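Notes follow the structure.
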Amino acid sequence: MKNATNTMDNQDDCLIFLHIPKAAGTTFAQILQRRYRDGALEWLNSEGAISADEAFEALSPARKSEVGAVMGHINFGGHSLLPRPARYVTFVRRPVERIISHYYHVLRNPQHYLHDEVRSRSMSLAAYAASGLSTELENDQTRLIAGPGEYASDQEMLAAAYRNIERHFDCVGIAERFAESLVLISHLRGWTVPYYRDANIGANRPRHSEMFAEAIAIIEERNQCDMELYQFAERQLNEQLAAHIPHWETQTERFLLRNRQYVRITEAASLVRRGVGAGVRLLKGGANPQSSLQPRATMNTLL
């Protein structure tokens, strides 16, 4: 398996990355930025009262025709705005982990639209999970993949998400299995597998403890669809890996070994550029990628 970064996709369709908040999307977004250069990538952002979905719709016809990839915190459905075929990818995350991560992300980011209210009310994690402050806290992964619409029940919304995945998605990656998901996406898109560094990792989150028990129960109760969706996505990931990539476990382990070396080298080079002596020592001592690598360890624990 090759490992490099190409600037062009081998697919004729447009790639739409449906970025679910707090589900390893920032790491994948950085990969897309390296792949799709020279204006080939459209990164949709919310600006004031304009949502990312509205920004997608507002793109000019010329831009919609030329863009190679689109990404943002968007709902399913943007493919209908494009003049040529499009395929989706996304990442989902264990709902309990995602909501806990969401809470601490809000606390540490004054720019977040929920920050002031959560801080002013001194909300605990359990109170936040039960607050109903945002649709992001209740089955939001399912909601984004199902797309806008009026659903008679949560199960109807989940069924819509399943249909969309079957018909329109190349892959629904798993945040906790980022490397395996990336290997599969690269294979399906005709990419060489890109190296990466974890991005947007939170620093203010404590370890799980008994004090989380109440919050976990609330999160699970309010995210039943997301829990079913995650299980579905994990089964599908296993099936796709087995169907498309012989010996995928071995290939993924080898990729992880090389990627760990890539991370060490890029981190050391960054220190060297800043004039930090530790970077030079790390470069000198980092020639053997086997020395401190644990490929079977958790692949990507992102906040």
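The values are calculated or read from the model by the stated rules, or taken from the named source; none is laboratory data. On a predicted model such as this, the values are computed, not experimentally measured, just so you know. Because the Cβ atoms are built from the backbone with ideal geometry, glycine has one as well, and the counts that use them run over all protein chains shown. Accessible surface areas use protein heavy atoms only, side chains included; no ligands, DNA or RNA. Shrake-Rupley method; radii C 1.70, N 1.55, O 1.52, S 1.80 Å.
Residues are listed down the side, and each one gets a yes or a no for (1) closer than 16 Å to Asp170 by Cβ; (2) at pLDDT below 95; (3) outside any loop (DSSP other than H, G, I, E, B):
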site: Lys2; (1), (2), (3): no, yes, no
site: Thr7; (1), (2), (3): no, yes, no
site: Gln11; (1), (2), (3): yes, yes, no
site: Ile16; (1), (2), (3): yes, no, yes
site: Ile20; (1), (2), (3): yes, no, no
site: Gly39; (1), (2), (3): no, yes, no
site: Lys64; (1), (2), (3): no, no, yes
site: Ile74; (1), (2), (3): no, no, no
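A quick yes/no check of all residues on (1) acidic (Asp, Glu); (2) touching a residue at least 40 places away in the same chain (Cβ under 8 Å); (3) surrounded by fewer than 19 Cβ atoms within 10 Å (Cβ to Cβ):
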| site | (1), (2), (3) |
| --- | --- |
| Ile218 | no, yes, no |
| Gln224 | no, yes, yes |
| Glu228 | yes, yes, yes |
| His247 | no, no, yes |
| Arg254 | no, yes, yes |
| Asn259 | no, yes, no |
| Val263 | no, yes, yes |
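For the range 28-47, state whether one or more residues are β-branched (Val, Ile, Thr) and out of contact with any Pro (no Cβ under 7 Å at 6 or more places or on another chain). Step through it out loud before you land on a result.
Initially, the range 28-47 is screened for residues β-branched (Val, Ile, Thr), giving 31.
Then keep just the ones that are out of contact with any Pro (no Cβ under 7 Å at 6 or more places or on another chain); that gives none.
No, the range 28-47 contains no residue that is β-branched (Val, Ile, Thr) and out of contact with any Pro (no Cβ under 7 Å at 6 or more places or on another chain).
Where helices (runs of 4 or more DSSP H) fall wholly inside the range 211-298, the ranges with 3 or more residues that are modelled with pLDDT under 95 and of a type in the set (Val, Ile, Thr) are 248-273. When the residues of the range 79-128 are filtered to those that are β-branched (Val, Ile, Thr) and under 20 Å from Gln141 (Cα atoms), the one that is most open to solvent (accessible area, probe 1.4 Å) is Val96. The set of residues in the range 136-167 that are assigned to a loop (DSSP other than H, G, I, E, B) and surrounded by 13 or more Cβ atoms within 10 Å (Cβ to Cβ) comprises Glu138, Asn139, Gly147, Tyr151. Can you pull out every residue in the range 85-94 that is out of contact with any Lys or Arg (no Cβ under 9 Å at 6 or more places or on another chain) and either under 30 Å from Tyr128 (Cβ atoms) or modelled with pLDDT under 95 (or both)? Listed by number, the residues that qualify are Tyr88, Thr90, Phe91, Arg94.
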